[in-house]
Amino acid sequence: MHQPPGMANTQFPNYVCKLQRALYGLKQAPRAWFDRLSKFLLSCGFFCSLADPSLFICHSDRGILVLLLYVDDMLLTGSSEALVTSFVQTLSHEFSMKDLGPVHHFLGIVITPTTRGLQLSQTHYALSILDRSKMMDCKPMATPLDIKLKPPGSTTVLTDPSHYRGIVGALQYLTLTRPDLAYSVNYVSQFMHAPTVANLKMVHRILRYIKGTLSMSLHLTSDTSLNLSAFSDADWAGCPMTRRSTTGYCTYLGSNIISWCAKKQHTISRSSTEAEYRAMAHTTAELTWLTYLLQDLRILPVSSPILYCDNMSALYMTINPVFHARSKHIELDYHFVRERVALGLLVTKYIPSANQVADLFTKSVPKNIIAHFRTKLCLQPRLSLREDISKPDSIDESKE
């Protein structure tokens, strides 16, 4: 074990932290608690989803129950209110727990029912980040980053990088309900090892953008189809320092966005086709995982998932069985995507770049493009900015 870079103690360079107590007591407490609860759920007819080990599902003649577990907080829903109430009573007999009723807060996310579905917001959490950064009175910005990112002009390393790392780490959790922040937060996260003054200015600009969009929240509607679709894109050699490409994708269940990603690729792509195809492979893996998750819930889409891409060369590779000199080194990704297409488990379609939603996850874009795609990302102003922060967070359970 070694002290983290940038946080080493100069007086005691060979010292490391010793863990005295873990969550709720002993070091093995979290594992023992999960083992205890999962055994009880399995005895009640639940099964653990292979796609998500924290998701438990029970199918019976009376209906379906779905339980999502996070340590000792859980979300429970079902096909009928009587079925949910009956199982809550069963849980109460086995464990000491508190039923907080309909969900309103969960892990810092405010969940508000609407006439059409649910509204997910982290406004209070965003305000706490601004307050922690002492930027409550900053002027708003229309975009989170400059349109054209250049190598940082100032290479002066911050004397105390802990502040930078704390703010960026907090911003990563904010992207759970703010897909418009995914690329910018991913970009500034790449400098956590040795942040500079220029990197800190980028973080301040993101905070100014958040200040101007505090009312934005994620809106999920119930009056939609259950078919999967995704948008995939890549910014070829977009990183000015490493010349690696950035993968960006977002997946939809009907008209609701359910997952998104902005991530720098591990290798340098020699062509835009290669960069786009690697992005398609990552998106295909995400669609495959979501398909398994829906199968566990017994939600069977009517049609195969559709993957939209704006690169014709990459689309031709999904159906062309012939390799050439520029694509033979990406054979693994090629076979993975093409196999899904050949089996009819995936449909690839072309979409013009002007309608490519995933473009927001690969590079910084102008304010008019952000405003244009904001509704497609299911981002709308909150119905009300007033939040009742006095309410506890979801169901709180503990062991016997």
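The values are calculated or read from the model by the stated rules, or taken from the named source; none is laboratory data. What you see is a predicted model, and the numbers here were worked out from it, not measured in a lab. Here Cβ is always computed from backbone atoms with ideal geometry, including for glycine, and neighbour counts include all displayed protein chains. With ligands, DNA and RNA removed, areas are computed over all heavy atoms of the protein, side chains included. Shrake-Rupley method; radii C 1.70, N 1.55, O 1.52, S 1.80 Å.
A few points about this structure:
- Of residues in segment 79-108 being in contact with a helix residue (DSSP H, G or I) (Cβ under 8 Å, 6 or more places away or on another chain) and open to solvent by 30 Å² or more (accessible area, probe 1.4 Å), the one nearest to residue 253 (Cα to Cα): 108
- Hits in segment 252-272 (condition: over 20 Å from residue 177 (Cα atoms) and either open to solvent by 30 Å² or more (accessible area, probe 1.4 Å) or touching a Phe, Trp or Tyr at 6+ places or on another chain (Cβ under 8 Å) (or both)): 264, 266, 267, 268, 269, 270, 271, 272
- Residue within segment 206-221 that is over 18 Å from the mean Cα position of the chain (by Cα) and within 30 Å of residue 304 (Cβ to Cβ) present: yes
- Restricting segment 174-218 to residues that are open to solvent by less than 20 Å² (accessible area, probe 1.4 Å) and in a loop (DSSP other than H, G, I, E, B) leaves a set whose member that is nearest to residue 161 (Cα to Cα) is 195.
- Residue 284 being open to solvent by less than 50 Å² (accessible area, probe 1.4 Å) and touching a helix residue (DSSP H, G or I) at 6+ places or on another chain (Cβ under 6 Å): yes
- The selection criterion, being surrounded by 14 or more Cβ atoms within 10 Å (Cβ to Cβ), modelled with pLDDT of 90 or more and within 21 Å of residue 379 (Cα to Cα), holds for residue 124.
- Scan of segment 238-252 for residues that are within 18 Å of residue 309 (Cβ to Cβ) and not polar (S, T, N, Q), ordered by number: 238, 248, 249, 250, 252
- Selection count, segment 31-72, where residues are crowded, with 16+ Cβ neighbours inside 10 Å and part of a helix (DSSP H, G or I): 4
- Restricting segment 236-260 to residues that are aliphatic (A, V, I, L, M) and more than 22 Å from the chain's Cα centre (by Cα), the residue that is nearest to residue 286 (Cα to Cα): 237
- Conditions (1) touching a Leu at 6+ places or on another chain (Cβ under 6 Å); (2) closer than 17 Å to residue 190 by Cα: number failed by residue 230: (2)
- Residue in segment 14-23 that is open to solvent by less than 90 Å² (accessible area, probe 1.4 Å), modelled with pLDDT under 85 and over 30 Å from the mean Cα position of the chain (by Cα) present: yes
- In this structure, residue 310 qualifies as more than 30 Å from residue 60 (Cα to Cα), at pLDDT 90 or above, surrounded by fewer than 21 Cβ atoms within 10 Å (Cβ to Cβ) and among the acidic types (Asp, Glu).
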